[in-house]
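Okay, structure first, notes after.
The values are calculated or read from the model by the stated rules, or taken from the named source; none is laboratory data. Given the structure is predicted, the values throughout are model-derived calculations rather than measurements. Glycine gets a Cβ as well: all are built from the backbone with ideal geometry, and neighbour counts include every protein chain shown.
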Amino acid sequence: MKNIIQFILLVGMTFLSQAQTTSHLELLDVFNLEYVSDPQISPDGNQVIYTRNFKDVMTDKNHSNLWLVGFDGKNNRPLTTGNHNARSARWSHDGKKIVYLSNHADDKTKLYLMWMDSRESVALTNSKVAPRQVAWSRDDKHLVFTQFVTKAKPSLVKMPSKPKGAEWNKPPVFIDDMTYRADGQGYLPSGNQQIFSLSVDGGTARQLTDSEHNHQSPIWSADKKFIYFTANLHENHEFEPLNAEIYQLKMSDLSVVALTERFGPDANAQLSPDGKKLAYVGFDDTFQGHMVRELYVMGVDGSDDKLISKQLDRSVQSMTWAADSKGLYVQYTDQGDGKLAHLKLSGKMTEVAKQMGGLSLGRPYNAAAFSISNNNRVAFTLGGTSHPADLAVVIKGKVRRLTQLNDDLFSY
């Protein structure tokens with residue numbers, strides 16, 4: 001009888017131990033989830049830098065670090081560490097340096113330059129507002145980026161000076177902007193995204209634009225005589241916010257010329273490797289609920305504008321030129337599946353990869369990112385219903401997954 005009681009107690013303790021080890025996701029497991037974003041393959045195609053995103057359970061904040069891995073999946077190691085936010089790494093054209101954004105020094109997001117042979121880095125900016133959309137010049141000597149510049153807000157009433165030591169309520173905020181708040185951000189500060197240039201040797205950034213419009217996605221021309229960017233500089237831009245154009249800014253006198261002129265959003269100009277053509281996405285706005293974003297190619301002066309994605313009845317979400325300047329890699333979504341294809345200038349399309357995604361964790365969308373090397377090697381974010389984004393590459397036409405960041409969480 002005694003042996004039977006001991007056996008029952010042993011079995012009960014075993015079941016209790018198993019019950020305490022859950023095999024399904026708990027609410028707090030969200031702090032253990034990690035995911036890959038913004039993969040950037042080196043120009044020679046041998047290495048990939050990616051952003052590794054994670055959460056801190058003690059502060060309820062999101063953080064990220066930069067990691068480097070070989071194209072073959074070997075030597076996966078961090079470039080930055082700690083509970084900070086390092087992101088937006090971009091290779092120089094010679095593959096010897098990167099620039100990236102980080103707040104590791106004093107929680108102020110700065111633009112850093114890192115030499116890849118020594119891993120030494122130096123801050124290039126020290127402003128209160130973080131730079132965005134950084135792009136290298138072809139000779140790797142200058143950078144161009146956007147940065148928010150505030151403008152003084154008028155006041156309906158001139159307030160008197162408060163007595164010394166007085167604690168008054170905050171004054172009322174006067175708003176006269178058509179776009180004054182955004183989802184998840186609340187009320188927006190008054191000002192605009194302006195374009196700046198900066199030497200990689202350091203110094204003071206030069207502001208190139210100052211109009212009361214938002215300037216986006218600046219890139220250099222091959223000879224650095226021009227900068228191409230997206231903006232809506234029309235007089236009625238606040239009432240027709242989608243009517244953006246591709247513009248050319250001349251560095252010698254900062255004059256601006258529009259390269260596109262149709263009614264609709266033309267955006268995200270990309271310069272071909274041979275420096276002779278610009279690709280961009282857009283559509284003719286006919287005020288429908290959904291419009292397909294199409295891919296166009298034109299000369300750097302705006303001439304010979306051609307639609308090349310006519311055979312694709314899906315929106316082009318992003319694109320990158322192939323190394324030979326004879327086609328582009330385009331990202332699109334087809335029946336819920338994120339896909340990457342090579343699209344020749346003739347219009348012929350070949351699928352390269354699928355199952356792109358994993359970046360839109362809290363939304364029912366299929367966000368993804370990719371990059372292409374000079375020898376047309378591909379790195380992208382691989383998503384699925386069973387895991388957030390991991391890093392993957394395409395080797396000889398086959399997809400190879402390089403990371404499995406959540407295996408430690410999903411393995412039990």
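Can you pull out the residues in the stretch 243-281 that are farther than 14 Å from Gly327 by Cα and surrounded by fewer than 16 Cβ atoms within 10 Å (Cβ to Cβ)? Full working, then the answer.
Residues of the stretch 243-281 farther than 14 Å from Gly327 by Cα: 243-269, 281.
Passing the criteria: Lys250, Ser252, Asp253, Leu254, Ser255, Val257, Ala258, Glu261, Arg262, Phe263.
Of all the residues that make up the stretch 343-400, how many are modelled with pLDDT of 90 or more and at negative phi?
Within the stretch 343-400, residues that are modelled with pLDDT of 90 or more and at negative phi number 37.
In contact with a Pro (Cβ under 7 Å, 6 or more places away or on another chain) and either at positive phi or loosely packed, with under 14 Cβ neighbours inside 10 Å (or both): is that true of Phe174 in this structure?
Numbers: in contact with a Pro (Cβ under 7 Å, 6 or more places away or on another chain): yes; either at positive phi or loosely packed, with under 14 Cβ neighbours inside 10 Å (or both): yes.
Criteria met by Phe174.
I'm trying to understand the selection: among the residues of the stretch 332-367, which are over 30 Å from Val30 (Cα atoms), in contact (Cβ under 8 Å) with a residue 12 or more places away in the chain and part of a strand (DSSP E or B)?
Listed by number, the residues that qualify are Ala341, His342, Leu343, Lys344, Met349, Glu351, Val352.
I'm trying to understand the selection: among the residues of the stretch 24-53, which are of a type in the set (Phe, Trp, Tyr) and surrounded by 17 or more Cβ atoms within 10 Å (Cβ to Cβ)? I'd like the intermediate steps shown before the answer.
The first filter runs over the stretch 24-53 and keeps only residues of a type in the set (Phe, Trp, Tyr), leaving 31, 35, 50.
Of everything in the stretch 24-53, those that are of a type in the set (Phe, Trp, Tyr) and surrounded by 17 or more Cβ atoms within 10 Å (Cβ to Cβ) turn out to be Tyr35, Tyr50.
Quick check on this structure: which one of Lys224, Lys164, Lys158 is closer than 29 Å to Gly282 by Cα and not hydroxyl-bearing (Ser, Thr, Tyr)?
Working: Lys164 fails: closer than 29 Å to Gly282 by Cα; Lys158 fails: closer than 29 Å to Gly282 by Cα.
Sole residue among the options that is closer than 29 Å to Gly282 by Cα and not hydroxyl-bearing (Ser, Thr, Tyr): Lys224.
Given (1) over 27 Å from Phe239 (Cα atoms); (2) in contact with a Leu (Cβ under 8 Å, 6 or more places away or on another chain); (3) not aliphatic (A, V, I, L, M), identify the lone condition not met by Phe145.
(1)
Any chance you could count how many residues in the stretch 20-36 are under 22 Å from the mean Cα position of the chain (by Cα), hydrophobic (A, V, I, L, M, F, W, C) and not in a strand (DSSP E or B)?
Our first condition is that a residue be under 22 Å from the mean Cα position of the chain (by Cα); within the stretch 20-36, this holds for 33-36.
After this cut, where a residue has to be hydrophobic (A, V, I, L, M, F, W, C) as well, the list is 33, 36.
Add one more test, that the residue is not in a strand (DSSP E or B), and what stays is 33.
Going through the stretch 20-36 one residue at a time, the tally reaches 1.
Within the stretch 240-265, count every residue that is small (Gly, Ala, Ser) and outside any loop (DSSP other than H, G, I, E, B).
Residues flagged as small (Gly, Ala, Ser) and outside any loop (DSSP other than H, G, I, E, B) within the stretch 240-265 amount to 1.
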